[in-house]
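First the structure, in the form of structure tokens, and then the observations on it.
The numbers here are math on the coordinates, done by the rules we state, and not lab data. Just so it is clear, the model here is predicted, and its values are computed rather than measured. Don't worry about glycine lacking a Cβ; one is built from the backbone with ideal geometry, like all the others, and counts go over all protein chains shown.
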């Protein structure tokens, strides 16, 4: 009998323990969103974007189209003299552009901003450069706006627009 009582007590203890530790389903008013595992570092992300802008300028001036393409999302749209969509169109355009690349290129970022969920960003600024027009160097200046998307931890351009005037 003592052995039966101990088993019964152990069984009741296990049942109570399991029943009391059963998770309660979350309701709309009781659910708390999980905290992100790591905080988004806007300064570091902004530095990555500005560094990508600088690398982009180096690639253009060194006539290296292959070095430009990793900065673009496959669905990227570029607005300039014409609207270009996709990396194939961008590659064709840059292949022509690097035949007579600009020199003395200076760009200045006027800021990098992020969407609330940090999946998108945009940077904007000014650019000045010297281009060859009909055999003569011409100093031009203008503005740019790039829209970036965070793709697996890398920032890729999904839209860009620039305006340069002599």
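I want to make sure I understand the PRE zone here: with the label point 7 angstrom from the Cα of residue 113 toward its beta carbon, which residues in segment 144-166 have backbone N atoms less than 14 Å away? Once the point is set 7 Å along Cα→Cβ of residue 113, 145-148 turn out to lie under 14 Å by backbone N, inside segment 144-166. With q set to 0.13, 0.16, 0.17, 0.20 Å⁻¹, the log10 of I(q)/I(0) for segment 42-165, from the Debye formula over equal scatterers at the Cα positions, is -0.50, -0.77, -0.87, -1.22.
Hey, what did segment 42-165 get for relative contact order, percent, Cα under 8 Å, at least 6 apart?
23
Label-to-label distance, residue 130 versus residue 39, with points set 7 angstrom from Cα along the beta-carbon direction: 4.7 nm.
DSSP bridge analysis restricted to segment 42-165 gives an antiparallel fraction near 90%, rounded to the nearest 5.
In this label model, residue 88 and residue 140 are separated by 2.7 nm, measuring between points 7 Å along each Cα→Cβ vector.
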